[in-house]
Structures are given as C-alpha cells and as structure tokens.
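Contents: one structure, followed by commentary.
The values are calculated or read from the model by the stated rules, or taken from the named source; none is laboratory data. All figures in this text were calculated on a predicted structure; none of them were measured in a lab. Please note: Cβ atoms are built from the backbone with ideal geometry, for glycine as well, and neighbour counts cover all protein chains shown. Each accessible area value is taken on the protein alone, full model and side chains, heavy atoms only, with ligands, DNA and RNA left out. Shrake-Rupley method; radii C 1.70, N 1.55, O 1.52, S 1.80 Å.
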Amino acid sequence: MRILIHGGTVITFGSPCRVLEGQAVLLEDGRIARIAPKEDITGPFDRTLDATGKVVMPGLVNAHMHFYSTLVRGLGKAAPSANFQEVLDNLWWRLDRKLSLDDVDVSAEVVLADAVRKGTTTLVDHHASPFAATGSLDRIAGAVRRSGVRACLCYEVSDRDGQAVTDAGLEENAAFARRCAAEKDPHLRALFGLHAAFTLSDATLDRAAALGREVGVGFHVHVAEAASDVKFNLEHHGQTSVARLAAHGLLGRGSIAAHCVHANEADQELLAATDTFVAHNPQSNLNNAVGIADVLGLVRRGVRVGLGTDAMTVNMLEEIRVAMWAQHLRQDNPTCAFMEIAGTLFTRNPELATQLWGFPLGTLEEGAAADVILVDYHAPTPLDGNTVLGHLIFGISQATVDTTICAGRILMEGKVLTNGLDEAALAARSRELAVKLWERF
C-alpha cells in the first residue's frame, strides 16, 4: 500500500531528534519512501491520513518484556514477599510452572493488542513456561503475526526445574532461531534466552553459549537484578554475575543484559568493553524493591542503555517518565540525567531494534521501516528541536495514540483496532483461562 500522512508535526527520534513542520510522510511497500512537502509527493495513494492536530512519530520499541505475565493480573493467592527471591518463589516461578500453551497464546495476544493501543510496535520478549516449553515460541509468534507488530522472542533457560526442563528450553531457543533464519519473517527475530546466572550451572551456560553461536544469535538474560544474584555468584563461583556471564561468552554486541541494577564499576566497564546492550526497567525494579540502576554511570562508561518494561506496562512513554524520576532519586539530584534517560527510548531502543532486524527501525527517515504512530497533541509551548524531548516526556507521554501503523499496515485508526483482534472476545477468553490457571496456581 501507498499511504500518505500529512498535516501533522513530524518527530523523527534518533540523534538528533528532529521536529519537521510542513512535511508529509509517504509509506510504500513497508518502508518510509519519502518525507517531503505534500505537494512534492505524487499519487496515487491507497490511503491518505490527515494528521492535523497530531504528532507523527516512530512506533515505540520495548527492549525487555514478558508477555506470559498477563494472566497474573489481580491474582491474590501469592504469599506476601519480603525480598526479591520470595517474589520469584511465591509468584513468578509458581505461575510459569502452571502455564499451558493456550495460556501462553492468549497472554501474548492480550498484551499485543494493548501494545497497538499504546503505539508500541516492536517488543523484545523473554518467555518462560517450563512445563510447556516446546512449541511455546511458535505459539507466541502466531500471536505476533495476528497482531501485526514486531517481536524478538526467546525462551528463558534455567536449571531450577531439572535437567529435562533445561534441555527443552535450550532446544526451544535453538529451534525457533533456526526457524527465524529460514523464514526471514520481517515481523519476527530471535535471541537465546537465559534466566539469570544464579539459576544456571557452568555446564548449562557453556551449552547455551555453544548453541547460540551455532544458530547465530545473541543472548537475552537477567543480570544483577537483585543483590542476591551478585552475592550467589560471588559465593559459589568467585565472580560477579556480569563477570561470570562474560567468562562464558554470553555478553557482547548481540546480547541484552536486562536490569544491571547491582552492576559495580568493574561490571559496568566490562559491559562497555563487550558492547553489551543494557535494558533498564525502572518500574519493575521499584516494584520489586531491588534498587535503581546507575544509568548515569553506565552511560558515562560507554554502555548502550535502552528501556524495557519487564511486563509492568506496554506504554513506553509512561516508563520513561518513571525512569527520569527514579534516576533523580538514585543520583540524589533533581536535574540530572535528562539526556541520558531520553536517549534510552528515543535513540538506543531504535538502535537495538535496527541491530536485531537488520534494517532501520524506530526512526522516521527515508528507507526506515514504516512503523509510525499518530498521537493527539496540541503543543502549548514552542515545539522544535530544542524543546522536543521535554514535550515527549512531559506532554506527549500523557496524550492518546490515535493511529498505529507497522510495516505499512494500519493496525489502529481513530483509536479503533483494525488488525482483526476482537478485544472483547479476547478478554473473555483470557478470563476463562485465567480462572483455570488460578485454580492450578
């Protein structure tokens, strides 16, 4: 389809993040074909979208997500937890052991429908269903295709449920990575998932490293999320979590280290030296009371730091606001880290998506993917290249997404989903499965 978007204020993201007035955006064959004045772009067009009163932005990217957590919403059966390990024992590890493939499917679909509503068109997911591992990534991939967005998937390997479950997780990662390489679906990519160093033996880390190299993908792993992770690895292996993962060849440019809340200065230097991408998840870290990552220290040492939500939300503009306030608290400085935090969502996440997919994503530029959102917004103060980040964080973040487009396909228009997902029917199915899951919990 050839879609012309005109009349809006174009915000490009990237570095620098530019504001373009009087420019129309032409989408053609899944890419941005041209950005120019409307009168300079010749038709015919399959669709023309009037963006008057709206900002035109790239679809948002989420660097760390867990689709499978959807069915826990409202669950009151988990025992109160005094620390992060108890949160895992009492809630998440109880949940993931009870998930069926149908649960996995509907959990993903519910999240993805909401992602379209929030303008998030690319998500990097980290999945766990230890007793329904085989085929789980295929089920999620089906939900991704139905939603119309993009997702990079992996399976969370851990030794906590025995050797057979470990083996199934390793094979699920490898099989899905091979499938992605063979099919070359522009909506799907693969990484090799690992839970965290404290639930993985040296033997499993080595097997994962070898398999990841064999299938040609990087790794996605929780790193130093809580102090207990670092303590365990120091006591049992004589290394921090970061150092141990690096020693097993699991860090590097193709890998994502989620959290890194308790990465010390040496760890931060190692993350920088290996060019590992760090996904900061402030809402989750605050919710679990594990601390706040030193984003300023990481960035100053040259680490690429992006932004994830760890399943707390799919609204990336909400997440970046929390990241800002949290970093002020972490640094005890109410005016620090504005550019460093803004860079996580508007620069680094697009860079990560571009690296994973192999073509430009997350920016509005000619040749980039036609992943575009239209957001209702009348700027009450001047909106230009000098003020745009302030508008995004303090204003546009509170506005409503009107239209979501991914790969040149309109997934939502006029705040109505057009991708074929029936939200009411989906919610009804989800409630039905949730009741059964909660009975098993």
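Computed extension gain for Met1 through Asn264, at 0.36 nm per residue and net of the alpha carbon distance, reaches 89.7 nm.
Computed from backbone phi with θ = phi - 60° and the Karplus coefficients 6.51, -1.76 and 1.60, the 3J(HN,Hα) list for segment 295-306 is 4, 4, x, 4, 5, 5, 8, x, 7, 7, 10, x Hz; x is used for glycine and proline.
Spin-label model, Asp206 to Arg145: label points 7 Å out along the Cα-to-beta-carbon direction sit 3.9 nm apart.
Normalising the average separation of contacting C-alpha pairs (under 8 angstrom, six or more residues apart) by the number of residues puts the relative contact order of the chain at 21 percent. With each label modelled as a point 7 angstrom along the Cα→C-beta vector, the Thr134-Ala424 pair spans 4.0 nm. Averaged over residues, the count of other Cβ atoms within 10 Å places the peptides 177-188, 415-426 in the sequence 177-188, 415-426, highest first. Taking amide H atoms as placed 1.01 Å from N in the peptide plane, the amide H of Val290 has no partner under 5 Å among residues 5 or more positions away or on other chains.
The HN-Hα couplings worked out from phi for segment 345-361 by the Karplus form 6.51 cos²θ - 1.76 cosθ + 1.60 (θ = phi - 60°) are 8, 8, 10, 6, 4, x, 5, 4, 4, 4, 5, 5, 8, x, 8, x, 9 Hz, whole numbers, x standing for Gly and Pro. Helix 265-274 and the longest principal axis of the C-alpha atoms of the chain enclose an angle of approximately 60°. Residues considered: Gly343, Gly135, Gly14. Largest GNM mean-square fluctuation over the chain, using C-alpha springs under 10 Å, is found at Gly135. Split the accessible area of the chain by element, probe 1.4 Å, and carbon with sulfur accounts for 52%.
Only protein heavy atoms count here; under a 1.4 Å probe, Asp40 has an accessible surface of about 80 Å². Working from Cα pairs under 8 Å separated by at least six residues, relative contact order for segment 238-382 is 17 percent. Lys-Lys pairs in the chain that are eight or more residues apart or on separate chains and whose Cα atoms lie under 23 Å of each other come to 7.
Amide H contacts under 5 Å for Arg189: Ala151, Cys152, Leu153, restricted to partners 5 or more places along the chain or on a different chain, H placed in the peptide plane at 1.01 Å from N. Relative to the longest principal axis of the Cα atoms of the chain, the long axis of helix 227-237 lies at roughly 50 degrees. If Lys and Arg each add +1 and Asp and Glu each add -1, what is the summed charge of the other residues whose beta carbon sits under 10 Å from the beta carbon of Thr344? It works out to a net charge of 0. In the complete set of protein chains, residue-level accessible area for Met312 is approximately 80 Å², probe 1.4 angstrom.
Between helix 163-183 and the chain there is an angle of about 30 degrees, using the helix long axis and the longest principal axis of the Cα atoms. Each part reduced to its alpha carbon centroid, segment 1-39 and segment 119-142 end up 32 Å apart. Residues considered: Ala370, Ala143, Ala428. Largest GNM mean-square fluctuation over the chain, using C-alpha springs under 10 Å, is found at Ala428.
Could you please report the charge total around Gly22, scoring K, R as +1 and D, E as -1 over all other residues with beta-carbon less than 15 angstrom from its beta-carbon? Around Gly22, the charge tally is -1. Comparing Ser81, Ser129, Ser255 in a Gaussian network model of the chain, where Cα atoms under 10 Å apart are tied by springs, the biggest mean-square fluctuation is seen for Ser81. A DSSP coil position with no more than 15 other Cβ atoms inside 10 Å describes the following GluC sites (Glu not before Pro) in segment 21-57: Glu21. Sorting Phe192, Phe84 by accessible area puts them as Phe84, Phe192; the probe is 1.4 Å, largest comes first, and only protein heavy atoms count. Around the amide H of Asn62, modelled in the peptide plane, lie the amide H atoms of Thr122, Leu123, Val124, all under 5 Å away and 5 or more residues distant in sequence or on another chain.
Note on segment 254-307 and segment 81-104: Cα centroid distance 24 Å, given to the nearest whole angstrom.
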